[in-house]
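Just so you know, all these numbers are worked out from the coordinates, no wet-lab data involved. The structure presented is a predicted model; accordingly, all values stated were derived computationally and were not measured. Methodologically, a virtual Cβ is constructed for each residue, glycine included, from the backbone with ideal geometry; neighbour enumeration extends over all protein chains shown.
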Amino acid sequence: MADRTWNCAVCNIPVPQTSGPIGMRCKTHKHWRQRNCPACATPFTAHKTRKYCSPDCIPKAEMRAPRTELQWRTCGHCGRWICRPGRKYCDKACAREAQLTNLGCRNRMCKRCNTALGEISLVNYCDTCRSQRNRETRLANKHKRRAAQRQTTIEPINPFEIYERDGWKCGICRRPVDRQLKYPDPKSASLDHIEALSLNGHHTKDNVQLAHWDCNVRKGNREPAQLRLIG
């Protein structure tokens with residue numbers, strides 16, 4: 001059966017095709033379509049992305065397009081009048097200042113020691129308190145993991161709250177503990193379980209106390225009644 005041919009609907013060039021609808025276009029005019037110009041209503045054939053029949057119709061369409069009314073509003077930060085659709089602030093500086101103000105970053109104070117953090121700050125704690133807070137979190141998680149391994153009763157405990165409760169005095173030797181000392185100093189603060197976790201003791205506030213690190217090590221898992229035997 002001989003191949004059928006028909007002419008392109010745009011340029012009338014013969015298009016050979018064995019099958020398909022009559023009226024196909026050549027490869028050059030494959031995406032051309034026929035439509036009416038929205039400005040002058042004249043029918044024309046062009047690429048599907050072309051909207052107007054000629055450049056002269058583009059200004060006409062823009063003139064006929066309805067204009068939106070001017071919407072005046074005040075800047076959300078400085079209060080100046082602006083006329084910018086979709087804008088809440090007059091410029092980027094006001095937008096940044098408003099964001100800092102909403103986040104409370106201006107003249108922020110440390111939540112723990114009330115130390116000034118500067119004119120602009122994105123943190124809630126000073127360097128000293130942040131380091132101490134991270135240390136508290138690590139210690140609390142360490143004791144919580146130990147208690148979870150023993151499958152005992154667990155309460156959320158902040159070691160430094162226990163230290164403040166005990167007045168920074170060792171519960172074993174009854175001597176004061178220097179809060180400035182840190183591990184691995186023998187006289188640094190540590191959290192001691194009165195009844196050891198290995199003896200089915202619970203990780204609760206009633207079963208913990210402040211102790212020197214060396215006192216805690218010497219005590220080990222002895223019973224509370226044997227504390228007086230430790231130096």
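(1) farther than 24 Å from Tyr125 by Cβ; (2) surrounded by 14 or more Cβ atoms within 10 Å (Cβ to Cβ); (3) touching a Phe, Trp or Tyr at 6+ places or on another chain (Cβ under 7 Å): which one isn't true of Ala189, the others all being true? Among (1) farther than 24 Å from Tyr125 by Cβ; (2) surrounded by 14 or more Cβ atoms within 10 Å (Cβ to Cβ); (3) touching a Phe, Trp or Tyr at 6+ places or on another chain (Cβ under 7 Å), Ala189 violates only (1). For the range 36-47, a residue qualifies if it is under 20 Å from Asn12 (Cβ atoms) and of a type outside the set (A, V, I, L, M, F, W, C), and the qualifying residues are Pro43, Thr45, His47. Which of the residues that make up the range 161-178 are exposed (fewer than 14 other Cβ atoms within 10 Å of the Cβ) and among the basic types (Lys, Arg)? Across the range 161-178, the qualifying residues are Arg165, Arg174, Arg175.
Scanning the range 119-141 for residues that are part of a loop (DSSP other than H, G, I, E, B) and surrounded by 12 or more Cβ atoms within 10 Å (Cβ to Cβ) gives Ser121, Val123, Asn124, Tyr125, Cys126. Within the range 192-206, the set of residues being in a loop (DSSP other than H, G, I, E, B) and surrounded by 12 or more Cβ atoms within 10 Å (Cβ to Cβ) comprises Ile194, Glu195, Ala196, Gly201, His202, Thr204.
Quick one: how many residues across the range 153-169 are assigned to a loop (DSSP other than H, G, I, E, B) and in contact with a Leu (Cβ under 6 Å, 6 or more places away or on another chain)? It would help to see each step written out before you state the result.
Step one: filter the range 153-169 for residues assigned to a loop (DSSP other than H, G, I, E, B), giving 153, 155-158, 166-168.
Okay, now just the ones that are also in contact with a Leu (Cβ under 6 Å, 6 or more places away or on another chain), so 166.
Result for the range 153-169: 1.
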